[in-house]
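Participant: Sharing a structure here in structure tokens format.
The values are calculated or read from the model by the stated rules, or taken from the named source; none is laboratory data. Given the structure is predicted, the values throughout are model-derived calculations rather than measurements. Cβ placement follows ideal geometry from the backbone for every residue including glycine, while neighbour counts extend to all protein chains displayed.
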Amino acid sequence: MEGMLLLIAILLPAAGALMLTLMPWLNERREDRCLFVGAILVMECVVVALVALDGQRTLVLFKMTEQLPIALRSDGTSRIFSAVMALMWTVSGFFSFSYMKHEQNEKSYYAFYLMTLASLMALTLSGTMVTMYLFFELMTFISVPMVLHTRTKEAVAAGIKYLIYSVAGATMGLMGIFILTPNISSAYFVEGGSLLAGSLTISKDAFLVVIFITLVGFGTKAGMFPMHGWLPTAHPVAPAPASAVLSGVITKAGVLCIFRMVFYVIGADFIRGTWVQWALLGCATVTVFMGSMLALREKVLKKRLAYSSVSQVSYVLCGLYMLDTMALDGALLQLVFHALTKDALFLCAGAIIFKTGITRVEEMHGLGRRMPWTMWMFAVCAISLVGIPPLGGFIAKWYIAEGALSTGAPVFSWLVPIVLLISAILTAAYLLPPSVSAFFGGMADGEAVSALPKAEPSLMMLVPIFILSLAILLLGIFPNFMIESFTRLANALM
Amino acid sequence: MGIVQNFPFFSIMLCMVSGVVTSVLKPRAALMTTLFTIGSVLALSAGTLGMTLGLDEPYTFMMGHFPAPWGNEIRIGSLEALMATGLSAVLFVSLLAGHARLPSLVTLQKLNLYFIMMDLVMAATLVMIYTNDLFTAYVFIEIMTIASCALIIVRQHGHTLVAATRYMVMNLLASGLVLLGISMLYGITGHLLMEPLNQSVREIYESGTYREVLTVVIALITISLGIKSAMFPFHAWAPDAYSFAPALSSSVLSGIISKAYLFLLIKFLWRVIGIDIIQSQQIGSFLFYCGIGGMLVASVIAISQRDIRRMIAYSSVAQVGYVYIGIGMGTLAGLTAALFQMLAHSAAKSLLFISTGELTRVSGDHKRFHYLHGAGHRDVLAGIVFTFSAMSMVGIPFTGGFISKLQIALASMPFGGSIRALVLISLAISTLLNAVYFLHTVVSIYRKAPDIEYPRNERIPRHAAVALVISMLMTLYLGVGSGPIIRIIEAGIKMFA
Amino acid sequence: MEGLTLLAAIALPIAAGALLPVVRWKGRAARDAYILCLTILTTVLATVAIFGNFPRLSLIQFNDRLSFALKLDGIGRLFAGLIALLWPLTTLYALGYMRGTQKEISFFAFFLMSYGISLGIAMSANLVTLYIFYEMLSLSTLPLVMQKGDSGSIRAGLKYLYYSLGGAAFAFIGLVYLVYFGGTTNFVPGGLFRGVAVEHTAQLRLGYLLCFLGFSVKAAVFPVHGWLPTASVAPTPVTALLHAVAVVKSGVFAILRVTYFSFGALVIRASYAQYIPLALTCFTIVFGCSMALKEKHLKRRLAYSTVSNLSYILFGALLLTGQGLAAGLLHLVFHALMKITLFLIAGVYNDRAGIHEVGELHGIGRDWPVLSAAFALGSLAMTGIPPFIGFISKWALAQAAVLSGGLLPYLGLTALLVSALLTGIYLLVPSTFIFIGRRPGNAPGTKPVETEIRISLAALTALMLAAGFFSRPLVDFITRAASGLV
């Protein structure tokens, strides 16, 4: 059957999750469990690679009604997103094998972890708006337990907030889907969009308002202003590997939905030059700025990283909403690099908590002596995030800025680069000092620090972080094949 | 054909004779005689009805071979026959169902007096239905007043005496007004027989001579008959009278006697004066608004009552309001609706009073709602009968009340605009109000009884139970098979005026 | 006479219910078997009636314009099918739930009678017949609401009664209009007034509006919705079936009949007679959800949710398009499935675990994981998450609104979305709580759940889930039934 691989990409982790719940013997001993989950994750990466290499395929799962097919499709976009997701998930998964030793309820954690991956894959591979909405909602509900995992009052409140925001955002997105459906020529995603702009069922102005609301709604998952409120509370309360994927991957799901809506349904041309574009750019820029500011003030490390995500993901959105090939390139680059970087940073933070119990930034003095490898990788990621060459973050931001300047759009063509610059400075301000003080801090109490035991985490935790850092380094130095494929995609879409 | 034409006369005579005979009989024999009489009246009226259905014209009957305008004349058409049949049926069934409780309420010596009064009531009802001249009408109005008062006062109990006195005073006042009106009418027209009267009245009206007098006459007679039939706002005697009289008496008062007066009023307005004249004098509007007022205000007051009999009394005032709405509209459809409502209400209300009597009886003769909790379980048949009649009052389908409401609503449709809206919305509100107090009561009688000792009573005799069921069937029939009845009424009205 | 099947389906349960208190039963099992068998038998008869093609059956001729008659057409079949499907399952549940309460006999007597009467509403061939069954339903369900016999129940019952009868009194006005202007109350696709003169249209609109307001009492439209949350004091099988399926859907069904088969879309369209009801339903959609959000008592919360959802159906129908009606009918069926499941599970929480408020739900998922999972699934469905049925009907409603265009339809669309969000909050948040946290130490222990309850809930949940995946034949049928009517 054509497209069988697509289905396998989704069902594999789902089956894994089911087997974990229904077959207790798999779940009993830690070793068995970790082995099983690890195997699934690696197999998933293989399947995703196969799907990516296979070319475009469509698979209709079933038809809810005649006009509502639930269908999967793999194309250029899904390749990128699914590769990123699979990789991140695997890396974080391996990390968690070690990390979760000191969290309770490990058994249920992995089941939800795998199920979330399955729903993410399904979301990435969705071929129609309704399919995408279905899996968007599904993914929200399946990821809630991960947020709630520790069952503390804080975690529960954060989980509920996440739930409500997500449902609100999805509802806003649904409104757009409702109103778009009679106005498009094909239920499936079409590169460049399939909007019948000449014969809209409602006035163009009303339509633009609807589009705005829709995109803001989907932007909830990506933490874009004004729907960002849940992110700083939800990301930190989850266990570190879960925070990693929440920040690194699930936010990208929001971006994906926006991506699909803008480039595969509505079409960039319809929005370009309208107030919708300016408003969305405005929201994204505000978020970039605001996220960085809030990160600066935040003293708890995981929260600081969460706010940072708010800011960094909106870089992607800035690039996206410029509706320019180069900026889009930059956006996709930023997407990849941020995923890698933030994932790694959260894992580092997790390692720090795991080994030393330190959660606040000011306590990180001299940590570099106790956990050298960890903190080196932390530093590397921080540098990448700030956007210092030759690490990957720089290229992404460069492309976005250049793309913005070249569009000639009013205001934003210079505002965006400026905001990016300011944000870079702020990022440096909130990430570099901890990195530096880790190595050079605590000099006054030199003996006190060196008297503390070595706290390097185990290999199981180090290697995943290392892989990510290495990827950041290498991709930063040799980005060309990525840039080429992204440019090809961007051109096809506009 | 021949002998049947005499039936109305026979029925009136039979009642009078029976009344006389009953005075010397023992109570049990008196009862049987009265039952026989009324049963015969029913049969005779049914026969008359059958005969008149085939006629196109009404016929008149001279009593005593004295021709008009000096002698008494009765006029028989299908409408009159229908009313006679209906009312006598209701009376018969009520008597059958309610007589068993009389000995406990009335002293034995007075019992056959009671039955005499019953005969007189029947006679007066028949006369008011059939009469074609005003003098006879007046005489029997008086007879009816006395007989009805006697029916109330037979109980000789504190409240009853007060109620009876109030009833007496208001009715005598009304009778006085009627006499005044009739005299004045005679004065300006010189006639007492209805057809010549009508001609005279028309001449007077067209020539414009005694216009004001005519208006006064109409007002007097209308208001006095309104008082007697408990039209709002002249109904003040009704709550006490219905509440404190024996159940059978209330049933007869509300079900039969008020209908007789109403029929007489209709006859006066349509046959004596002529409906067009009535309408032009705004009398119709007056009656219409009194009807609406009664329908709404009486129901509102009923809700606040703590005593079941008073509540039902106010309900009667409200239901009579429906009739006045129909009369006040002045159209054929309105009159049909009014007449149907008279029949339906008569059947249902008489039943309601008797079943209420039974329910209070098994609750230690208490009438207040609190004591009535659980009465429906203590006396199952009375509970069912009460529920069914209540539904007819509210206007639930399958009962006569529903068809009645429908007829009134349909009659208001041609009016358009505010009159139609007023009637329809008032009907809806009235239905709701009726539901509030009646169905609340129904729920009450099926609730758990309070922890008090209820005296054990003998059960209702078999024939009384049968009578109750028959009257339920009558209401049911009016709800289900009203078509023929309405046709008869419509045809009868054509013969009537 | 073959049309007798229709009558049999109605008369059998009524007679069976009336006989129940009269016969002396040899033990509970015999009585339970009797009740269940007769319910299933009635369902069989109803199914035969639905799938057969029986002619109209005229039972009583009241007069030349009014008759008491039965007939099954498209939407009648749909409603009858829904009732016939859900009643046996709820009866099964009730047999388990009511066990030992000492009031089973009167309960099941009226429960059975209400079954027949509800079928009567679905099978009515004209407005008089429907009105008669409608009134009878108010009366037969009254003892069920007042079942518990305490003063709160009696007050709730009386409130229900007054509202119902008041509403019927106003609906009566519509009936009068139909008799007067149309000469008959028969249901005719497209209405009685296809070629009516213009001056009558104005009057007919007023009649329709009053009629709508009257029937809207049972359909719990603002502002006459007040009886429904109060009626939640009734035993759960009553609230679930009657107040989420039979009684309230009868109100909706009556409005559908009056709109499409009596007055007709032609008369009502593009006038205040359409706009006022549309506006009221849009408001109710949001109002119901807001009240549900504020409400802490679980069953009352579900009752307010019903208030909101009923207006979804009416909103679709009042768009006066084929798609709108089809969407409304779809939601009629789907909401019934979802809501009844939720209510019945809430009943188990109520009665077997002493949980009455939303806040007490913490941790009950530990004791009853499967049951609570079903509750969560029901909540997801109600919120409108694909691929559950709630999404399908909401989608249809939204599409119908978009295709209609105009201010009020778009307002309704917004109301739908806001409502979806609020539903998510007031249902999904408790669903989450069910699975986390622990029951407080002083909470009453959980009583065992009877087998009957388990089986019926399993069946209902399965139906609710399956309908999502096999909805196409149903949607086809509904579209066909709806398209001839406008």
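Rundown of residues vs (1) within 10 Å of chain C (Cβ to nearest Cβ); (2) loosely packed, with under 13 Cβ neighbours inside 10 Å; (3) closer than 14 Å to B:Ala375 by Cβ, yes/no style:
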{"position": "B:Leu432", "(1), (2), (3)": "yes, no, no"}
{"position": "B:Ala435", "(1), (2), (3)": "yes, no, no"}
{"position": "B:Val442", "(1), (2), (3)": "yes, no, yes"}
{"position": "B:Asn457", "(1), (2), (3)": "no, no, yes"}
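Participant: Looking for whichever is surrounded by fewer than 16 Cβ atoms within 10 Å (Cβ to Cβ) and among the aromatic types (Phe, Trp, Tyr) here; the options are A:Trp89, A:Trp25. Which one fits?
Facilitator: A:Trp25
Participant: With (1) closer than 21 Å to A:Thr251 by Cβ; (2) within 12 Å of chain C (Cβ to nearest Cβ) as the list, and A:Trp230 as the residue in question, which single condition is left unmet?
Facilitator: Only one criterion in (1) closer than 21 Å to A:Thr251 by Cβ; (2) within 12 Å of chain C (Cβ to nearest Cβ) is unmet by A:Trp230, namely (2).
Participant: When you scan the range B:461-478, how many residues do you find that are surrounded by 22 or more Cβ atoms within 10 Å (Cβ to Cβ) and more than 17 Å from B:Leu87 (Cα to Cα)?
Facilitator: 0
Participant: Residues in the range A:150-165 that are more than 9 Å from every other protein chain (Cβ to nearest Cβ) and either buried (at least 22 other Cβ atoms within 10 Å of the Cβ) or closer than 28 Å to A:Pro69 by Cβ (or both): how many?
Facilitator: 2
Participant: So which helices (runs of 4 or more DSSP H) are wholly in the range C:377-437 and hold at least 2 residues that are more than 9 Å from every other protein chain (Cβ to nearest Cβ) and over 22 Å from C:Lys339 (Cα atoms)?
Facilitator: C:389-404, C:407-423
Participant: List, please: which pairs have Cβ atoms under 6 Å, are six or more places apart or on different chains, and start with a residue in the range B:207-220 that is surrounded by fewer than 18 Cβ atoms within 10 Å (Cβ to Cβ) and end with one that is in a helix (DSSP H, G or I)?
Facilitator: B:Val213/B:Ile188
Participant: Being in contact (Cβ under 8 Å) with a residue 40 or more places away in the chain, surrounded by fewer than 24 Cβ atoms within 10 Å (Cβ to Cβ) and among the hydroxyl-bearing types (Ser, Thr, Tyr) is the requirement here; does C:Ser216 meet it? Talk me through it step by step, then tell me what you get.
Facilitator: Working: in contact (Cβ under 8 Å) with a residue 40 or more places away in the chain: yes; surrounded by fewer than 24 Cβ atoms within 10 Å (Cβ to Cβ): no; among the hydroxyl-bearing types (Ser, Thr, Tyr): yes.
For C:Ser216, the condition - in contact (Cβ under 8 Å) with a residue 40 or more places away in the chain, surrounded by fewer than 24 Cβ atoms within 10 Å (Cβ to Cβ) and among the hydroxyl-bearing types (Ser, Thr, Tyr) - is not met.
Participant: Within the range B:444-453, which residues are facing chain C (nearest Cβ under 8 Å) and either within 15 Å of C:Leu210 (Cα to Cα) or part of a helix (DSSP H, G or I) (or both)?
Facilitator: none
Participant: Go through (1) within 14 Å of another protein chain (Cβ to nearest Cβ); (2) over 16 Å from C:Ala401 (Cβ atoms) for A:Gly219 and report which single condition fails.
Facilitator: (1)
Participant: Any idea which of (1) surrounded by 24 or more Cβ atoms within 10 Å (Cβ to Cβ); (2) in a helix (DSSP H, G or I) is the one A:Leu72 doesn't satisfy?
Facilitator: (2)
Participant: Which pairs have Cβ atoms under 9 Å, sit 6 or more apart or on different chains, and link a residue in the range A:424-437 that is in contact (Cβ under 8 Å) with a residue 60 or more places away in the chain and over 19 Å from A:Pro389 (Cβ atoms) to one that is assigned to a helix (DSSP H, G or I) and charged (D, E, K, R)?
Facilitator: Pairs that qualify, where the first residue is in contact (Cβ under 8 Å) with a residue 60 or more places away in the chain and over 19 Å from A:Pro389 (Cβ atoms) and the partner is assigned to a helix (DSSP H, G or I) and charged (D, E, K, R), are A:Tyr430/A:Arg297; A:Tyr430/A:Arg304; A:Pro434/A:Arg304; A:Pro434/A:Glu362; A:Ser437/A:Glu362.
Participant: What are the residue pairs meeting all of these: first residue in the range B:1-20, first residue within 17 Å of B:Ile143 (Cβ to Cβ) and at pLDDT 85 or above, second residue surrounded by 14 or more Cβ atoms within 10 Å (Cβ to Cβ) and acidic (Asp, Glu), Cβ atoms under 7 Å, and 6 or more apart or on different chains?
Facilitator: Filtered contacts from the range B:1-20: B:Cys15/B:Asp119; B:Ser18/B:Asp119; B:Gly19/B:Asp119.
Participant: Do we find that A:Ile184 is within 13 Å of chain C (Cβ to nearest Cβ) and farther than 30 Å from A:Tyr113 by Cβ in this structure?
Facilitator: Details: within 13 Å of chain C (Cβ to nearest Cβ): yes; farther than 30 Å from A:Tyr113 by Cβ: yes.
Spelling it out, A:Ile184 is indeed within 13 Å of chain C (Cβ to nearest Cβ) and farther than 30 Å from A:Tyr113 by Cβ.
Participant: With the condition kept exactly as written, say whether any residue in the range C:286-297 is surrounded by 24 or more Cβ atoms within 10 Å (Cβ to Cβ), polar (S, T, N, Q) and not in a loop (DSSP other than H, G, I, E, B).
Facilitator: For the range C:286-297, residues surrounded by 24 or more Cβ atoms within 10 Å (Cβ to Cβ), polar (S, T, N, Q) and not in a loop (DSSP other than H, G, I, E, B): absent.
Participant: Separate question: Counting only residues that are within 22 Å of the chain's Cα centre (by Cα), farther than 13 Å from C:Ile132 by Cα and not in a helix (DSSP H, G or I), how many does the range B:385-419 have?
Facilitator: 0
Participant: Looking at B:Gly364 and the list (1) touching a helix residue (DSSP H, G or I) at 6+ places or on another chain (Cβ under 7 Å); (2) part of a loop (DSSP other than H, G, I, E, B); (3) free of Cβ contacts under 8 Å to residues at least 60 places away in the same chain; (4) more than 12 Å from chain C (Cβ to nearest Cβ), which single condition is not satisfied?
Facilitator: Result: B:Gly364 passes all but (3).
Participant: Could you check the range C:32-71 and list, in sequence order, the residues that are in a loop (DSSP other than H, G, I, E, B), in contact (Cβ under 8 Å) with a residue 24 or more places away in the chain, more than 14 Å from chain B (Cβ to nearest Cβ) and over 23 Å from the mean Cα position of the chain (by Cα)?
Facilitator: Scanning the range C:32-71 gives C:Gly52, C:Phe54, C:Pro55, C:Arg56.
Participant: Show the residue pairs meeting these rules: Cβ distance below 7 Å; 6+ apart or different chains; first residue within the range B:397-426 and at positive phi; second residue part of a helix (DSSP H, G or I).
Facilitator: So the pair list comes out as B:Phe398/B:Leu476; B:Phe398/B:Gly479; B:Phe398/B:Val480; B:Phe398/C:Ile132.
Participant: I'd like to check which helices (runs of 4 or more DSSP H) are fully inside the range C:73-151 and have at least 3 residues that are touching a Lys or Arg at 6+ places or on another chain (Cβ under 6 Å) and touching a residue at least 60 places away in the same chain (Cβ under 8 Å).
Facilitator: Passing ranges: none, list empty.
Participant: A further question follows. I need a count of the residues in the range B:412-423 that are buried (at least 24 other Cβ atoms within 10 Å of the Cβ) and either farther than 24 Å from B:Met311 by Cα or touching a Gly at 6+ places or on another chain (Cβ under 8 Å) (or both).
Facilitator: 1
Participant: Quick one: how many residues across the range B:353-373 are acidic (Asp, Glu) and at pLDDT below 80?
Facilitator: Counting residues in the range B:353-373 that are acidic (Asp, Glu) and at pLDDT below 80 gives 1.
Participant: In the range B:391-410, what count of residues is obtained for those that are within 13 Å of B:Thr331 (Cα to Cα) and surrounded by 24 or more Cβ atoms within 10 Å (Cβ to Cβ)?
Facilitator: Residues meeting the conditions: 2.
Participant: Sticking with this structure for a sec: Pick out, from the range B:127-219, the helices (runs of 4 or more DSSP H) lying fully within it that include 2 or more residues that are of a type in the set (Phe, Trp, Tyr).
Facilitator: Answer list for the range B:127-219: B:134-153, B:158-189.
Participant: Right, here's the next one. With the requirement that a residue be over 20 Å from the mean Cα position of the chain (by Cα) and free of Cβ contacts under 8 Å to residues at least 24 places away in the same chain, what does the range B:157-168 give you?
Facilitator: Correct list: B:Gly158, B:Leu161, B:Thr165.
Participant: Within the range C:438-471, how many residues turn out to be surrounded by 14 or more Cβ atoms within 10 Å (Cβ to Cβ) and either within 14 Å of another protein chain (Cβ to nearest Cβ) or assigned to a loop (DSSP other than H, G, I, E, B) (or both)?
Facilitator: 9
Participant: Out of the residues in the range B:317-335 that are β-branched (Val, Ile, Thr) and surrounded by 24 or more Cβ atoms within 10 Å (Cβ to Cβ), state the one that is nearest to B:Ile292 (Cα to Cα).
Facilitator: The selected residue is B:Ile325.
Participant: Which residues, counting only those in the range A:208-225, are surrounded by fewer than 24 Cβ atoms within 10 Å (Cβ to Cβ) and in contact with a Pro (Cβ under 9 Å, 6 or more places away or on another chain)?
Facilitator: A:Val216, the sole residue that qualifies.
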